[in-house]
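What follows is a short report on a single structure.
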Amino acid sequence: MIKAEHLTKRFGLATAIEDVSFEVGKGEILGFLGPNGAGKTTTMRILAGFFPATQGIAVVAGYDVFKQPLDVKRRVGYLPENPPLYSEMKVDSYLRFVATINGVAKSKIETQLEKVKQRCGLADHGKRLIKHLSKGYKQRVGLAQALIHDPEVLILDEPTIGLDPKQIIEVRELIKSLAGRHTIILSTHILPEVSMTCQRVIIINEGRIVAMDTPENLTSRLQGGELIEVEAAGDVERVHGLFKDIPQIRNVSVGPPSNGHFILTINVEGKEEVRHLISRRMIEAGLNLYQMKVQTMTLEEIFLKLTTREEGAA
Amino acid sequence: MRNFLAILKKELQALFVSPIAYVVLAVFFAVGGYFFYIIMSSLVNQAIEMGFRYQQMGAPPPPIDMPFLVMRNFFGILSTILLFLIPMITMAAFAEEKRRGTMELLATSPITNTQLILGKFAAVLVFLLVMLAPTLLNTLLLYLYSEPSFPLAPVLVGYLGAFLLGGALLSVGLFVSSLTENQIVAAVVTFGIFIVLWVIDATAGMESSLTNETIKYLSVLNHYEDFTKGVLDTQHLVFYLSFIFLGLFLTSTSLDSAKWRQ
Ligand SMILES: Nc1ncnc2c1ncn2[C@@H]1O[C@H](COP(=O)(O)OP(=O)(O)OP(=O)(O)O)[C@@H](O)[C@H]1O
Ligand SMILES: [Mg+2]
């Protein structure tokens, strides 16, 4: 449904994205994950036809974005990073305008309008001026605008930004419910968002794709390492240097004490068992051990790892 | 066509909710009315004085075509008022769309640049008509109190001239607005270009070389002159229409190239 091949975009001398290639199948939800300035918005703008790539090919819904832009634009709903709203318009007339320029038949505009307002929780806001809406509601109007012509492909740049936690959950549910019938690309730097909504994740950093996989696979791919959380009590000072000679242990951090207990988070490389070594050392050092548990890494940590590693290399 | 109408409607809505539009209209009516009054009274005074002078010489005063003089002076003043007000009508056209990010909506919707530009141009033309239409009242008054009554066709030609001049200036304004994100910058630059267009024939030398002729040809006011006299000449019609076409074409080029620069 969406195919990007070797996309590169330069702004003058600065390279925003370099050699970005990926594919999204029909009905799939793909998440774009990356820190600020990674190139998420740039990639999405190219796919939506806002500006052309310096190099590379993008095909959306079977049409080349650069050669047949109108065919692509008719089939794409795009929510830019900042919702593109006319503040002096009322929600209804704004959505009617967007519907019209997106080619929704006149007879269908009203039903579409009611449908998207219902979906985006705007049913009671049709008569409100957009400038009087709160940020979260403006974001919903932006989303409604992207959905109004029932496009095959949705490109959503940070769709949950500015929403309160309850609304975030609602919008995620909405996006999930759209999958299947619609093909969706969304970007975010909120990590749980991708694992919750997306079937596949692309992690992008400094304009390059660093990883591309399902959230589960990404987690297990880095199962090379794990985190061990240890609850203990005693003289915290004795922890320092305690595990120096265990080569698998990368680093140890000490959390804030509570009820006289403190939490150690130990980052271990590889899958080799080291818990027996840790417990023995701690007891030998006169510390009391209360609990020890292994955490599999969350996507968030993978993400941090991937990006910090990239930065280190640069 | 549907897209064009959608843009036109949206633009008109935007124009008529903005306070700038009402300020422009108010200033236009106030200044236009004031000058109409000044023109009338000074011409009447002149006529009376002239009548006295001829009386002293014992000769009958020659006939004066008052309506003609009033209208001609009025159209002259009108062009100057347009010079000041048109930058404010067009400054927001594209600059505001870019500033608030709605250009991203338009540029990713299945509409063409031509539809977008023509829609916006049509909207500012409608605004120009809304400005000009009420001044017909002045003409009407003049018509009702003129003895003998004067032919209306030359007046309408004058209005056509004002409309074409306005259209040409509006197309320049749209072009400048498409170059920047800042509407104040757009207004100032547009105004600067208008001033150059106003005085450009003063920079032409006396001898008739090709450059001088070209410069004179470019003067938007030279072509306006005949209209104010009620003379309809296709040469001037062609000038304004090509001018407008060029302005809109440059706007389209600028929008296209902005895509690559962004
Ligand atoms: N119009 C532009 N002109 C020059 N540089 C730009 C332009 N747009 C983006 N960039 C640069 O391209 C890089 C990628 O930006 P982009 O907006 O795609 O990042 P992003 O991943 O969307 O970041 P964020 O999470 O902050 O939205 C950045 O270094 C940015 O400074
Ligand atoms: Mg972004």
When a/c reaches 1.5 or more, the comparison of a/b and b/c decides; with that in mind, is the stretch A:119-179 rounded, prolate or oblate per its Cα gyration tensor? oblate
In percent, what relative contact order does the stretch A:225-295 have, based on Cα pairs under 8 Å that are 6 or more apart in sequence? 50
Just B:Leu137, B:Leu248, B:Leu83 to compare: in a GNM of chain B, with alpha carbon springs under 10 Å, which one fluctuates most? B:Leu137
The long-range amide H neighbours of A:Gly126, using H built 1.01 Å from N in the peptide plane and a cut-off of under 5 Å, are none
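When a/c reaches 1.5 or more, the comparison of a/b and b/c decides; with that in mind, is the stretch A:35-81 rounded, prolate or oblate per its Cα gyration tensor?
oblate
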Could you list B:Ile215, A:Ile175, B:Ile39 in order of exposure, starting from the residue whose Cβ has the fewest other Cβ atoms within 10 Å? B:Ile215, B:Ile39, A:Ile175
Burial ordering of B:Lys120, A:Lys106, fewest other beta-carbon atoms within 10 Å first: A:Lys106, B:Lys120
Tilt relative to chain A, helix A:135-147 - C-alpha long axis, 0 to 90 degrees, to 10: 60
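Run the helix sum for chain B: -39,500 (n - 2.57) per DSSP H stretch of 4+ residues, divided by residue count, reported at 222 nm to the nearest 500 deg cm²/dmol.
Values: 12 runs with 211 residues, N = 262.
So the helix-based figure for chain B works out to -27000 deg cm²/dmol.
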Output wanted: per-residue J couplings in Hz (rounded whole) for the stretch A:95-101, from phi through Karplus 6.51 cos²θ - 1.76 cosθ + 1.60, θ = phi - 60°, x for Gly and Pro. 5, 5, 4, 4, 4, 5, 6
Which of B:Thr108, B:Thr139, B:Thr228 moves most in a GNM of chain B, Cα contacts under 10 Å? B:Thr108
Do the sum for chain A: with -39,500 (n - 2.57) for every DSSP H run of n ≥ 4, divided by all residues, what is the mean residue ellipticity at 222 nm, to the nearest 500 deg cm²/dmol? -10000 deg cm²/dmol
Grab the other residues whose beta carbon is less than 14 angstrom from that of A:Ser134, score K and R as +1, D and E as -1, and report the net. +4
Enumerate the calculated ³J(HN,Hα) couplings along the stretch B:55-65 in order (Karplus 6.51 cos²θ - 1.76 cosθ + 1.60, θ = phi - 60°), each rounded to whole Hz, writing x wherever the residue is Gly or Pro. 4, 4, 7, x, 10, x, x, x, x, 10, 8
Too long for a 26 Å Cα-Cα cut-off, among A:Lys90/B:Lys120; A:Lys3/A:Lys138; A:Lys67/A:Lys108; A:Lys40/A:Lys67; A:Lys106/B:Lys98, are A:Lys3/A:Lys138; A:Lys67/A:Lys108; A:Lys106/B:Lys98
Treating the angle as unsigned and between 0 and 90°, give the value, to the nearest 10°, between the Cα long axis of helix B:153-177 and the longest Cα principal axis of chain B. 30
For chain A, set up a GNM with springs between Cα atoms under 10 Å and report which of A:Ile155, A:Ile249, A:Ile204 has the largest fluctuation. A:Ile249
Given axes a ≥ b ≥ c from the Cα gyration tensor, I'd like to know whether the stretch B:110-262 is rounded (a/c under 1.5), prolate (a/b larger than b/c) or oblate. oblate
If B:Tyr145, A:Tyr63 are placed from fewest to most neighbouring beta carbons inside 10 Å, the sequence is B:Tyr145, A:Tyr63
For every other residue with a beta carbon closer than 13 angstrom to the beta carbon of A:Ile263, add +1 if it is Lys or Arg and -1 if Asp or Glu, then tell me the sum. -1
Can you give the angle from 0 to 90° between the axis of helix B:136-145 and the longest principal axis of chain B, with both taken from C-alpha atoms, to the nearest 10? 10
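Read-outs throughout are calculated quantities, based only on the coordinates presented, and are distinct from any laboratory measurement. Just so you know, these numbers come straight off a predicted model, no measurement behind them. A quick note on method: Cβ atoms are made from the backbone with ideal geometry, for glycine too, and the neighbour counts reach across all protein chains shown.
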